[in-house]
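Worksheet: one structure, shown below.
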Amino acid sequence: MAVVQVFVLALALLSLVCLPALVAAVLFADELVTWLAAEAVARRTGWRQRRALDRLDRTFRAGAGPHRLDPSELDRPGGPAIEQVAADLRRLGGQRLGRPPRSRTAHGELLRAYDEQLRVASRYLGVAEHLADLDGLDREIERVRVEGELQAAGLVLSTADRPSRP
């Protein structure tokens with residue numbers, strides 16, 4: 001009988017010691033759930049970002065060397081002249097950076113046309129580009145990079161970059 005009394009007394013003391021922790025756990029359970037949910041979202045976001053960066057790295061490694069044109073490709077009949085491509089890029093670039101189009105569809109079409117002209121100019125000047133492989137912010141970053149490469153190759157993309165005439 002003494003063993004049972006000792007066991008009951010130990011159980012009573014243990015419940016008395018654990019009761020405040022149990023009450024605190026019940027009171028702060030919503031904060032614990034919120035914290036766990038935020039941790040899950042953070043991990044998922046980190047995983048998605050790592051996956052996107054890995055995909056971007058694979059894309060750039062696949063096309064590591066710049067595409068160089070055969071000079072015979074520049075004289076294709078029916079293809080636009082580089083001067084026309086540059087003029088289209090300046091026109092579309094001005095529209096892209098000017099007042100935004102009224103609809104999201106028109107803005108998307110404008111960006112697609114601008115990207116297509118960037119691809120054509122890149123082929124003419126031998127600049128590596130990956131605009132077709134990317135989307136969202138990655139495509140915006142690639143667009144800026146390609147514009148810089150084309151300008152470094154001598155293509156004038158905006159009227160502000162043109163040297164002034166005497």
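The values are calculated or read from the model by the stated rules, or taken from the named source; none is laboratory data. Every value quoted in this text rests on a predicted model; they were computed, and no experiment measured them. Neighbour counts are summed over all protein chains in view; Cβ atoms, including those assigned to glycine, are modelled from backbone coordinates with ideal geometry. Calculation scope for accessible area: heavy atoms of the full protein, side chains included, ligands and nucleic acids excluded. Shrake-Rupley method; radii C 1.70, N 1.55, O 1.52, S 1.80 Å.
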Give the residues of region 87-134 that are within 19 Å of Gly148 (Cα to Cα) and either charged (D, E, K, R) or touching a strand residue (DSSP E or B) at 6+ places or on another chain (Cβ under 8 Å) (or both), sorted by residue number.
Asp88, Arg90, Arg91, Arg96, Arg112, Asp115, Glu116, Arg119, Arg123, Glu129, Asp133
Gln84: passes all of (1) over 29 Å from Arg58 (Cβ atoms); (2) over 23 Å from the mean Cα position of the chain (by Cα); (3) open to solvent by less than 20 Å² (accessible area, probe 1.4 Å) but (3)
Candidates Ala128, Ala121, Ala132, Ala87 - the one that is under 19 Å from Val156 (Cα atoms), in a helix (DSSP H, G or I) and touching a residue at least 12 places away in the same chain (Cβ under 8 Å)
Ala121
Here is a list of conditions, (1) outside any loop (DSSP other than H, G, I, E, B); (2) buried (at least 17 other Cβ atoms within 10 Å of the Cβ), and Ala113 meets all of them except one; can you say which number that is?
(2)
